[in-house]
Amino acid sequence: MNTDALRGHMDALLLSVLEHEPLHGYAIIEALQARSGGALNVPTGTVYPALRRLEQAGHLSSEWAEVGGRRRRTYRLTSAGRTALAGERSAWRRFAGVIGSVLEPRGAE
């Protein structure tokens, strides 16, 4: 999938992937691929700056952890991040509904 198509949705995707467990950056990228059935292949140059931005906004916290014998920064959703995710989901439903009504109007022939 085109990375430009994800613009404006990356924060919601990252928050969603981190909703149930803390993950390090590469595991986040793998989770995006797995949850999208392989359709999302997001480059690290997109993911890591977004993670730092979300952490600065207070939506994520991070800590260094030993993972598979390597030191990695692990990210976790904060309570502010959970609130932001709920807002992102609501906005996505509205957006998808509006776009769907234009692309597939009911009763139009």
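The values are calculated or read from the model by the stated rules, or taken from the named source; none is laboratory data. Predicted model only: the values in this text are computed from it and were never measured. When we count neighbours, we look across all protein chains shown, and the Cβ atoms used for this are built from the backbone with ideal geometry, even at glycine.
Miscellaneous remarks
- Considering segment 42-82, the residues that are more than 17 Å from the chain's Cα centre (by Cα) and outside any strand (DSSP E or B) include one that is farthest from Ile29 (Cα to Cα), namely Gly69.
- Residue check for Arg72: surrounded by 13 or more Cβ atoms within 10 Å (Cβ to Cβ) and touching a Pro at 6+ places or on another chain (Cβ under 8 Å): no
- Filter pass, Arg70 being closer than 22 Å to Phe95 by Cα, modelled with pLDDT under 95 and basic (Lys, Arg): no
- You will find that of Thr83, Thr78, Thr3, the residue that is of a type in the set (S, T, N, Q) and at pLDDT below 90 is Thr3 and no other.
- The condition (being small (Gly, Ala, Ser), over 13 Å from Asp11 (Cβ atoms) and surrounded by 13 or more Cβ atoms within 10 Å (Cβ to Cβ)) is satisfied by just one residue among Ser62, Ser101: Ser62.
- Residue in segment 35-54 that is out of contact with any Pro (no Cβ under 9 Å at 6 or more places or on another chain), among the hydrophobic types (A, V, I, L, M, F, W, C) and without any contact (Cβ under 8 Å) to a residue 24 or more places away in the chain present: no
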